[in-house]
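Before any comments, here is the structure.
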Amino acid sequence: MKITDAKVFVGGPKKNYVTLKIMTDQGIYGLGDATLNNRETLPAHYLERYLIPNLIGKDPRNIEDIWQFFYRGAYFRRGPIAMAAYGAIDMALWDIKGKLANMPVYQLLGGKSRDGAMVYAHATGADLEDLMDSIAYYVEQGYKAVRVQCGIPGMPTASYAVPEKKGDVKNYITDYTGIRPKQEVWDSDRYIRYMPGALAEIRDRFGPELHILHDVHHRLLPREAAEFGKAVEPVRLYWMEDPTPAEDQDALRLIRQHTTTPIAIGEVFNTIWDCNRMIEQELLDFIRIAVAYCGGITHARRIVDLAGLHHVRTGFHGAPSHSPISMAAQHHLNAWAPNFGVQEYLVLGTAACDALFPSDHRMEQGMVHVSDAPGLGVDFDESEAARYSYEPGSHPVVRLEDGTMWNY
Ligand code: KDG
Ligand code: MG
């Protein structure tokens, strides 16, 4: 069996999805997602220019060897752009293998460990009252877990994932007005003074059963994060996400020594080498990698297995930038992983997105039920894809009030 061709498509409904389609001499094709939010054309270019010419003629069943060929063969390894491109190839090859075996990918991984995988929604508000309405909306729909973010009184601008005005649903992931970023102003002190009380009010209002998650988005110093984690202990958060910038694996030790609030980290990691020390030293509770820019199913599974040895559960990244293809790859891993925790899940659920990526993965009452179709269980409609093209966008940048650059 041989790979005969592969194509890359960039675009989607209000998204720059990077979709890879690998064709074979047996008429079976596989789909992968190489979307790297706001840097979408780079993995696309890497695939088209460097990787696809080396894929043609290879046997698509040799998933491991193809992964190693690209990773070890590159010399300049790792990094989000390369790992997103390898990840798309890897997903597409698992899709092909599943179609060949006439089995859904979760069966090839070892079968189901659960019937449904718990997901969490994003609730947001310009202020606490606005956030309460947003949480209530998701709770009424049956979600068992909700991430909560709200505006901080006195903060000069809206902060991470928070709308400027009450009732606004902010597209905080990407601003499509161009590649020059908007600017947010941040003040850790105001945040640490306000947010623990707000989280306590949310717990009082929604009761003990709701899983409450909160994303600090890399904004605090280790000592501040330790103080924050300690202050929110009575709320019993499901997790405190990205308390400090992710590059420093050892920073988590100080936080850990001071608080039992669970720590989730890893949405910017690309390889096992970005997180092996923190996992082995049990400095985190949830690993947030994304199959999309972590080298695909082959490499993500290695991280999940290492995590499982150290009581670390999964909480895969699932921001709206992930296309339904990599979300499907995660649904299969979530169905299998013995150490599954929760899946971030943003309901894009628009008719346009469903038309571009038809699938029968189902989300009901805050649980995803994986499709039993062979392979990844998602298709891609090329005639729909022809309606879209790349639109430049960017994340905001963050500064302190005196102008110092800070972490988005
Ligand atoms: O592209 C960056 C976003 O994916 C990120 O800001 C979202 O932190 C995020 C999350 O937890 O979904
Ligand atoms: Mg996050």
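The values are calculated or read from the model by the stated rules, or taken from the named source; none is laboratory data. All values derive from a computational prediction rather than experimental measurement. Cβ sites come from the backbone with ideal geometry, for glycine too, and all protein chains shown count toward neighbours. Side chains included, ligands, DNA and RNA excluded: accessible areas come from the protein's heavy atoms. Shrake-Rupley method; radii C 1.70, N 1.55, O 1.52, S 1.80 Å.
Observations on the structure shown:
- Close pairs from segment 16-39: first basic (Lys, Arg), partner in a loop (DSSP other than H, G, I, E, B), Cβ under 8 Å, at least 6 apart: Lys21/Phe380
- Restricting segment 297-318 to residues that are within 16 Å of ligand 2 (Cβ to nearest atom) and open to solvent by less than 10 Å² (accessible area, probe 1.4 Å), the residue that is nearest to the chain's Cα centre (by Cα): Gly318
- Selection within segment 359-371 - more than 17 Å from Gly341 (Cα to Cα) and surrounded by fewer than 13 Cβ atoms within 10 Å (Cβ to Cβ): Asp360, Arg362, Glu364
- So Pro163, is it in contact (Cβ under 8 Å) with a residue 40 or more places away in the chain and buried (at least 19 other Cβ atoms within 10 Å of the Cβ): no
- Of all residues assigned to segment 283-295, at least one qualifies as being more than 14 Å from ligand 2 (Cβ to nearest atom), surrounded by fewer than 24 Cβ atoms within 10 Å (Cβ to Cβ) and either among the small types (Gly, Ala, Ser) or part of a loop (DSSP other than H, G, I, E, B) (or both).
- Test: residue in segment 256-263 that is within 15 Å of ligand 2 (Cβ to nearest atom) and not hydroxyl-bearing (Ser, Thr, Tyr): yes
- Candidates Gly12, Gly32, filtered to the one that is buried (at least 18 other Cβ atoms within 10 Å of the Cβ), small (Gly, Ala, Ser) and touching a Cys at 6+ places or on another chain (Cβ under 9 Å): Gly12
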